[in-house]
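Shown next, in structure tokens, is the structure this report addresses.
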Amino acid sequence: MQAGTTIFEHMSGLARQHDAINLGQGFPDFGWSPEVLAAGAEAITTGYNQYPPMRGLLELRAAVADFYRRRQGLDMAAEQVIVTSGATEALAASIMAVAGTGDEVILFAPAYDAYAPLVQRAGARPVWVELQPPDWQASAAAIAAAITLDTRAILLNTPHNPTGGMAGPAMLAAIVELARKHDLTIISDEVWEEVITGDASHVSPFTLAPERTIKIGSAGKLLALTGWKVGWVVAEAALAERVAQVHQYLTFTTAPPLQTAVAAGLALPDDWFAAARVRFVTARDRLVTDLARHGWKLLPTQGSYFVMADLAASGIKMGDRDFCEAAVIDPGIAAIPLSAFMPDGQQTPFIRLCFAKSDAILDEGAARLNRARAMFAALALRVLSN
Ligand code: PMP
Ligand code: GLN
């Protein structure tokens, strides 16, 4: 079992302590709607503040179903939606619903930091399949090789944190085919489904195999309100029932005024989501252009708030953790080491940067990263010449 403090908590703590610019933990400083905040305030002061139904307020469950029908062409009923306390609880409930002691769950590396600990808490074993750069796909052969008689689920994350990659048609088809062949559940973490900064469209395995997919979403990302921790699962009736059974003893319910406000947010017009996307693309381009002009080598990114930088290719001969721990102190810039998402935790030459920030923060963040590159690349040169 992994122990210790999460990398996000750790780096944000160091960022506060050293007054660093925080491009580490993934939260935006723009992008939410004042109407949604007003709907939340009104719901608190004039609405219902006691326990809501265990599966969520019907208005939010219907809003989620409407949203996916409108934005992704998915056919689903409100009854298939279960509201959870963030995607994190949705993940926990889904994993515990389908896997237990002695079972195996396939995870793709790199993986969001919560996956492996949640699988282990369920008593199951993570079995890793590596995503291959530069486009972060896994082949049908690699996934098939990881499946055993004990496999119960494949946990997919698309768009992907931390790489910003998206599962392509071949990888999605392989997952669906293998899941059908071996009777596996596909747990599909799609929290970044609306934060698309590349050309590819988001495709959910729920469109391909609704009978065996648990689709997970989060208002945190859809509405740029990460602290609200309102999420959901969508699944067909029997699978939804299994998840609900776990959810009722994990958190049971989620704050009803926030559910009301999120329902209002999901009903925002398509223009609002289009404008949000433009803003994220603009922020990404601003950071990437500045860094690239100063010698940083960045990897392509298609979705999420994140872009990865290649330390080695940028002339910095340091491990990712060493770099992050040093740079947060001087010149005062926080990033997330890719190693926190890797099964073995070994240092890598990659760091993750969050670009969902206002122009001033991005510019100061880039200035400090550029200073860090100059400092640490020079350090490596000095060590080499000694
Ligand atoms: N899954 C992924 C891939 C994430 O990136 C995050 C948070 N950024 C979560 C789950 C957790 O979402 P929530 O805050 O809604 O629990
Ligand atoms: N999901 C956010 C990220 O990837 C952080 C969530 C957290 O702090 N646990 O940065």
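Brief remarks on what is shown
- Span from the the stretch 272-288 Cα centroid across to the the stretch 40-68 one, whole angstrom: 29
- Between the Cα long axis of helix 256-266 and the first principal axis of the chain there is an angle of about 80°, rounded to the nearest 10.
- The gain in end-to-end length when the A238 to R71 segment is fully stretched comes to 57.6 nm, 0.36 nm per residue minus the alpha carbon separation.
- Charge sum, other residues only, whose C-beta stays under 15 Å from G231's C-beta, Lys/Arg counted +1 and Asp/Glu -1: 0
- Accessible area in square angstrom per residue, the stretch 151-222, 1.4 angstrom probe: 27
- The amide H of T158, built 1.01 Å from its N in the peptide plane, has D189 as neighbours under 5 Å, considering only residues 5 or more places off or on other chains.
- Full extension of the chain segment joining H294 with D359 gains 21.6 nm, where the gain is 0.36 nm per residue of separation less the Cα-Cα distance.
- Principal semi-axes in Å for the stretch 144-273 [√(5λ), Cα gyration tensor, largest first]: 26, 20, 12
- Take every Cα pair under 8 Å whose residues are at least 6 apart in sequence, average their separation, divide by the length of the chain, and the relative contact order is 24 percent.
- Alpha-carbon radius of gyration plus Dmax, which is the widest Cα pair, for the chain in Å: 20.8, 70
- Net lengthening on full extension, A367/A267 (0.36 nm per residue, minus Cα-Cα): 32.1 nm
- The order of the peptides 186-196, 112-122 by mean Cβ neighbours within 10 Å, most packed first, is 186-196, 112-122.
- Pairwise inverse Cα distances across the stretch 48-88, averaged and inverted, put the Kirkwood hydrodynamic radius at 10.9 Å.
- Accessible solvent surface per residue of the stretch 272-332, calculated while the other protein chains remain in place, 1.4 angstrom probe, Å²: 41
- Descending by average beta-carbon neighbour count within 10 Å, the peptides 127-138, 74-85 line up as 74-85, 127-138, the highest first.
- Altogether, the Stokes-Einstein calculation at 10 °C and 1.306 mPa s, with the Kirkwood radius of the stretch 327-380 over Cα pairs as Rh, returns a diffusion coefficient of 130 µm²/s.
- Rh by Kirkwood over Cα pairs, then Stokes-Einstein D for the stretch 159-209 at 1.002 mPa s and 20 °C, µm²/s: 183
- Only helical runs count toward this figure. For the chain, summing -39,500 (n - 2.57) over DSSP H runs of n ≥ 4 and dividing by all residues gives -14000 deg cm²/dmol at 222 nm.
- Helix 237-250 axis, angle to the chain major axis (alpha carbon atoms, nearest 10°): 70
- Shape category assigned to the stretch 255-386 from the gyration tensor of Cα positions, a/c cut at 1.5: prolate
- Directionally averaged projected area (convex hull, Cα atoms, the stretch 258-307), nm²: 4.3
- Across the stretch 328-337, coupling constants 3J(HN,Hα) worked out from phi with the 6.51/-1.76/1.60 Karplus curve, θ = phi - 60°, read 5, 7, 8, x, x, 9, 9, 9, 10, x Hz, and Gly and Pro carry x.
- Accessible-area composition of the chain, carbon plus sulfur, in percent [1.4 Å probe]: 55
- Near R55: Cβ cut-off under 15 Å, other residues only, Lys/Arg at +1 and Asp/Glu at -1. The net charge is -3.
- Probe 1.4 Å, all protein chains present, accessible-area order of H18, H160, H202, largest first: H18, H202, H160
- Mean Cβ neighbour count within 10 Å, used as a protection proxy, ranking 345-357, 308-320 highest first: 345-357, 308-320
- Accessible area per residue, Å², the stretch 1-98 with all protein chains present, probe 1.4 Å: 48
The values are calculated or read from the model by the stated rules, or taken from the named source; none is laboratory data. Model, not experiment: these values are computed from the prediction. Cβ sites come from the backbone with ideal geometry, for glycine too, and all protein chains shown count toward neighbours. Accessible surface areas use protein heavy atoms only, side chains included; no ligands, DNA or RNA. Shrake-Rupley method; radii C 1.70, N 1.55, O 1.52, S 1.80 Å.
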